[in-house]
1. Is at least one residue of the range 131-138 at pLDDT 90 or above and either more than 13 Å from residue 52 (Cβ to Cβ) or touching a strand residue (DSSP E or B) at 6+ places or on another chain (Cβ under 7 Å) (or both)?
2. Let me spell it out: the conditions are (1) modelled with pLDDT of 90 or more; (2) under 15 Å from the mean Cα position of the chain (by Cα); (3) buried (at least 21 other Cβ atoms within 10 Å of the Cβ), and residue 115 meets all of them except one. Which number is the exception?
3. Out of the residues in the range 88-113 that are assigned to a helix (DSSP H, G or I) and among the polar types (S, T, N, Q), which is nearest to residue 40 (Cα to Cα)?
4. Within the range 56-72, which residues are closer than 13 Å to residue 132 by Cβ and either touching a Ser or Thr at 6+ places or on another chain (Cβ under 8 Å) or of a type in the set (Val, Ile, Thr) (or both)?
5. Can you work out which of the residues in the range 154-173 that are hydroxyl-bearing (Ser, Thr, Tyr) and assigned to a helix (DSSP H, G or I) is nearest to residue 79 (Cα to Cα)?
6. Taking interchain pairs and intrachain pairs at least six residues apart, which have beta carbon atoms under 6 angstrom, with the first residue in the range 114-142 and assigned to a helix (DSSP H, G or I) and the second of a type in the set (D, E, K, R)?
7. Mind listing just one residue for me: the one in the range 55-108 that is within 12 Å of the chain's Cα centre (by Cα) and among the hydroxyl-bearing types (Ser, Thr, Tyr) and, of those, surrounded by the fewest Cβ atoms within 10 Å (Cβ to Cβ)?
8. Do any residues in the range 156-180 that are surrounded by 11 or more Cβ atoms within 10 Å (Cβ to Cβ) have Cβ atoms under 8 Å from those of residues that are at pLDDT 90 or above and of a type in the set (Gly, Ala, Ser), where the two are at least six apart or on different chains, and which pairs are they?
Amino acid sequence: MEQAKPSLLRTIFGMMINPAGALRGAFASRWYLSAAVSALAFLLFFVQTGLDLYKTGQKELDFVFLSAGAGVFYGLVMIPLVGAVMWVILKAAKTDKSLMQAISAFCLSYSGALIYGVLGIVFSLALGWKTSVAFGVTGVLWAIGPMMFTIRELTGGKNVLSVPLATAVSAVVLISWSLFGNL
């Protein structure tokens, strides 16, 4: 009997609660769904940034739309690229996983950021809060845990690489976001 593939919603929440289990059933064959998770997560994160800067008068409304485009680009191109670079690094650690599995897993690491992004947009629009730090950054930081599990899973259980690589990736994401907000 053929095993049913997990739904996107189940995988997103599963990645937050049980990253290792979610990765075993990750969308390696349907990588585009994983890429959609990171694209939506960063769309919402960057839109929150644009809205915050617009609300404080630091940027014009067109910056909010620029932020949306930049967020989609970041989640759809940059995060898969980071996953590919990490796969090359992990190849030296003798990973037996495919490039698509690595990209899919790295994109899915931002499942928590997607949830925080949705909540941040709701609070921003409904209550007028400035949410990019409270919700956006928190979502990216939440991704560190699943990313450590991802790296550990990709290396067959080697913990030595998971913490420094996940920390470095998260630092790069937050620094590049900060640079974007200061354009």
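The values are calculated or read from the model by the stated rules, or taken from the named source; none is laboratory data. Remember, predicted model here, so these are calculated numbers, not experimental data. Every residue, glycine among them, receives a Cβ derived from its backbone with ideal geometry; neighbour counts consider all protein chains shown.
1. First pass over the range 131-138, keeping only residues at pLDDT 90 or above: 131-138.
Among the residues that remain, those that are also either more than 13 Å from residue 52 (Cβ to Cβ) or touching a strand residue (DSSP E or B) at 6+ places or on another chain (Cβ under 7 Å) (or both) are: 138.
Within the range 131-138 (the criterion being at pLDDT 90 or above and either more than 13 Å from residue 52 (Cβ to Cβ) or touching a strand residue (DSSP E or B) at 6+ places or on another chain (Cβ under 7 Å) (or both)), the answer is yes, since at least one residue qualifies.
2. For residue 115, the failing item is (3).
3. Going through the range 88-113, the residues assigned to a helix (DSSP H, G or I) turn out to be 88-92, 99-108, 111-113.
Next cut, among the polar types (S, T, N, Q) only: 101, 104, 111.
On the way: 101: 19, 104: 14, 111: 9 Å.
Here the answer is 111.
4. Within the range 56-72, 56, 64, 67 meet the criteria.
5. Here is the first cut: in the range 154-173, the residues hydroxyl-bearing (Ser, Thr, Tyr) are 155, 162, 167, 170.
Next, only the ones that are assigned to a helix (DSSP H, G or I) stay: 162, 167, 170.
On the way: 162: 17, 167: 14, 170: 11 Å.
Checked the range 154-173; the qualifying residue nearest to residue 79 (Cα to Cα) is 170.
6. Partner pairs satisfying both residue conditions: 132/52.
7. It comes out as 74.
8. Listed pairs, sorted by first residue: 177/136; 180/67; 180/70.
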